[in-house]
1. Which part of the stretch 132-156 falls in the paramagnetic zone of residue 173, meaning amide N under 12 Å from the point 7 Å along Cα-to-beta-carbon?
2. Which entry in [x] 0.94; [y] 1.01; [z] 0.97 is this structure's computed Rg/Rh (Cα atoms, Kirkwood Rh)?
3. Taking every DSSP beta bridge that has both residues in the chain, what percent is antiparallel when rounded to the nearest 5?
4. Taking a ≥ b ≥ c as the square roots of the Cα gyration tensor eigenvalues, with a/c under 1.5 meaning rounded and otherwise prolate when a/b beats b/c, else oblate, which class fits the stretch 228-284?
5. At R0 = 41 Å, how high is the FRET efficiency between residue 116 and residue 276 if r is their beta carbon distance? Nearest 0.05 is fine.
6. What ranking do 109-120, 180-191 get when scored by the average of other Cβ atoms within 10 Å per residue, highest first?
7. Take every Cα pair under 8 Å in the chain that's 6+ residues apart, average their separations, divide by the length, and report that relative contact order as a whole percent.
8. Only Cα pairs under 8 Å and at least 6 apart count here; give the relative contact order of the stretch 83-155 as a rounded whole percent.
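Derivation of every value follows stated rules applied to the coordinates shown; laboratory data play no part. Just so we're clear, the structure is a prediction, and the values are computed from it rather than from any experiment. Methodologically, a virtual Cβ is constructed for each residue, glycine included, from the backbone with ideal geometry; neighbour enumeration extends over all protein chains shown.
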């Protein structure tokens, strides 16, 4: 059975094969990380139903973090509840590094020896005895080198607490450095039609060369990051959307997936209709002319 999420094909995170369209859990708590970004938090039952619907559509990998929480919701614990009543296999990708305290304030410059506690907290919240993939969030570590922090995670991988390792908010040279310590299966960076820094630095191309999954975040919101959904201002996107009877968000997701077979998508939402649209974007095929238009000057 070909599901909606399978329409874009698959990629491997180490030995874990996943559909290229996944789900990002940041918005599930209702506040993103800086303020309300997708409406008020939905109740737990609705959140579990939303996740189950994503799984029914073929989403088999979910991006999360222990620091995705609001006073009322924890993304990890919602995922735990959803998976406890779901019969299929879902890969859970989480991240550690800079964290948030109980009040929501960021704790930067986390020492390598504190990462085990973050891993164990993810294990507790997710109700698992090991984590499928753990990304080291390099931005905010307070150091250019990722060697000590990635080395600490590599030790936890050897101990069986982590299956695979990845990186987030990282530069190409940090990917190269990390790979001297342990295999890297994915890289998460901010990337989209309006924000192509990862192209400029060669990061997307490096991941393709090395067979590493490149997983953009903020692919739809771009420079607006956690901001609420807004009217599409880019005439190029509106033109392509009209041609396919699609939404602008679907065009933006499809554009990222067209960057290469190693590029995954993790759009997030708490809106069931938007979920359906986001997953369906994996089946949207853009023509060469449309891609050239989107890659050209803004209109």
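1. 144-146
2. [x]
3. Bridges in the chain that DSSP calls antiparallel: roughly 25 percent.
4. On the way: a/c = 1.57, a/b = 1.06, b/c = 1.49.
Cα axes put the stretch 228-284 in the oblate bin.
5. Values: r = 39 Å, r/R0 = 0.95.
Efficiency, rounded to the nearest 0.05: 0.55.
6. 180-191, 109-120
7. Numbers: 584 pairs, mean separation 60.0, N = 299.
Reported relative contact order: 20 percent.
8. It rounds to 40 percent for the stretch 83-155.
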